[in-house]
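The values are calculated or read from the model by the stated rules, or taken from the named source; none is laboratory data. The model shown is predicted, which means the values in this text are computed figures rather than measured ones. FYI the Cβ positions are ideal-geometry reconstructions off the backbone, even for glycines, and counts take in every protein chain you see.
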Amino acid sequence: MAPTDERDAVVDAVKGGDALKVKAYAGAGKTSTLRPTLVIRRHRDIFLLARWRRSHGTALAGAGQPDQRCVAILLFERSKSNYLTIADAAAMLTNAQFLPCDSAHEVAMADHLVAQRRAFRKPLRHIVNAPVHPDFVLTDTSPEVVIEVLGMAGNPEYVTRMAAKRQHYRAASVPFVEWNAPAQPLSAVRLPSPVGTASEATHAG
């Protein structure tokens, strides 16, 4: 199969670090034929890198950062020349203590909670049939308090999802705290005190 001009343009754009939109009807086969095009041009690594950036861009951005970690799982294949090559990969962003996070803002919140010596949990996945998936949950309060990190305030879909979360928390009488990361310094977020803090202070006095 000879590469078309359009396929070559996609390869060259990705190789140069740029993005290129390909317009196609469903089932047209334009995207599915990019793989053989890349193999033909010996740029299979470029194809994989582009796919990893699209799927794990947030995690990859954490690589090399002093307060972030990029945890990766790599699948290797042995080539005909007996060399190991990366065939696929998955990556996850974490903070320096390897707590899984979905954004740099969540990393900042995780670090803040650790520095404050708070007891909390970080839900790793959306539980089946659960109406919401909180970012963090303080477990040293009674009742437990949800923490939501808002990082995409201008995204209509995100705003709608957050409104649904608030409605659920209020209906279920679940206390929650929000941090509007782009507009509010983390130091301004007021977290409820851990259980026992107030009584211990009174007793000590």
**Study point:** Count of the range 99-112 residues which are in contact with a strand residue (DSSP E or B) (Cβ under 6 Å, 6 or more places away or on another chain), surrounded by fewer than 19 Cβ atoms within 10 Å (Cβ to Cβ) and either at pLDDT below 90 or under 15 Å from VAL189 (Cα atoms) (or both)
**Key:** 1
Review point. ALA90 versus (1) within 23 Å of ALA72 (Cβ to Cβ); (2) buried (at least 17 other Cβ atoms within 10 Å of the Cβ); (3) at pLDDT below 90: which is the lone unmet condition?
Key: (2)
Practice item. Tell me which of these THR202 doesn't satisfy, since it passes every other one: (1) at pLDDT 90 or above; (2) in a helix (DSSP H, G or I). Key: (1)
Exercise for review: Please work out which one of (1) assigned to a helix (DSSP H, G or I); (2) more than 29 Å from ALA72 (Cβ to Cβ); (3) not small (Gly, Ala, Ser) is the condition ARG190 fails and give its number.
Suggested key: (1)
Revision key, fill the gap. Inside the range 165-187, the number of residues satisfying the requirement of being exposed (fewer than 12 other Cβ atoms within 10 Å of the Cβ) and under 22 Å from LYS122 (Cβ atoms) is 4
Practice item. Test GLY64 against the stated conditions and say whether it is at pLDDT below 85 and within 25 Å of ASN180 (Cβ to Cβ). Key: no
Review point. Can you name the residue in the range 68-87 that is more than 21 Å from ARG53 (Cα to Cα) and hydroxyl-bearing (Ser, Thr, Tyr) and is also modelled with the lowest pLDDT among such residues?
Key: SER79
**Study point:** Scan of the range 116-125 for residues that are surrounded by 10 or more Cβ atoms within 10 Å (Cβ to Cβ) and at pLDDT below 90, ordered by number
**Key:** PRO123, LEU124
